[in-house]
1. For the stretch 34-45, state whether one or more residues are more than 21 Å from Met98 (Cα to Cα) and either polar (S, T, N, Q) or assigned to a helix (DSSP H, G or I) (or both).
2. For the stretch 90-99, which positions are surrounded by fewer than 19 Cβ atoms within 10 Å (Cβ to Cβ) and in contact (Cβ under 8 Å) with a residue 60 or more places away in the chain?
3. Looking at (1) basic (Lys, Arg); (2) under 11 Å from the mean Cα position of the chain (by Cα); (3) part of a helix (DSSP H, G or I), can you tell me which one Lys74 breaks?
4. Inspect the stretch 55-71 for any residue being exposed (fewer than 15 other Cβ atoms within 10 Å of the Cβ), assigned to a helix (DSSP H, G or I) and small (Gly, Ala, Ser) and give the result as yes or no.
5. Do we find that Lys27 is surrounded by fewer than 17 Cβ atoms within 10 Å (Cβ to Cβ) and either without any contact (Cβ under 8 Å) to a residue 40 or more places away in the chain or part of a helix (DSSP H, G or I) (or both) in this structure?
6. In contact (Cβ under 8 Å) with a residue 60 or more places away in the chain, surrounded by fewer than 20 Cβ atoms within 10 Å (Cβ to Cβ) and touching a Cys at 6+ places or on another chain (Cβ under 9 Å), is that true of Leu87?
Amino acid sequence: MMENKIYQIIGLCQKARKLVAGEFACKQSVMQQTALLVIVATDASDNTKKLFKDKCSYRNILCIEWGTKEQLGKFLGKEIRAVVSILDEGFANKISEMLKSIQ
């Protein structure tokens, strides 16, 4: 139940254009420090997980491993997505609170 709400907030975030999806776009948002929260799918490759954890920890950006590639893509109305970056502070805070409460 809580997972569906998180996916819905991620979908809302995309409609507000405060989200970027996909490895290349997310990597750019982390490098430019516009990302406030990075969500990496649990079924993403080990190289992808390590890349984003390292880049985010160096820049003090919260990086959480959660969800699946298929579900992230589905709620964004796209193909599978391994990584999404949240660019808005309000959305980032709400999603991180919800994720911490279920983990």
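1. There is at least one residue in the stretch 34-45 that is more than 21 Å from Met98 (Cα to Cα) and either polar (S, T, N, Q) or assigned to a helix (DSSP H, G or I) (or both).
2. First pass over the stretch 90-99, keeping only residues surrounded by fewer than 19 Cβ atoms within 10 Å (Cβ to Cβ): 90, 93-94, 96-98.
The answer is Lys94, Met98.
3. Looking at each condition in turn, Lys74 falls short on (2).
4. The answer is yes; a qualifying residue exists.
5. No.
6. Numbers: in contact (Cβ under 8 Å) with a residue 60 or more places away in the chain: yes; surrounded by fewer than 20 Cβ atoms within 10 Å (Cβ to Cβ): yes; touching a Cys at 6+ places or on another chain (Cβ under 9 Å): yes.
So Leu87 passes the test.
Here, each number is a calculation from the coordinates, and none is a lab measurement. This structure is a prediction, so every number in the text was calculated from the model and none was measured. With ideal geometry, Cβ positions are generated from the backbone for all residues, glycine too; neighbour counts draw on all protein chains shown.
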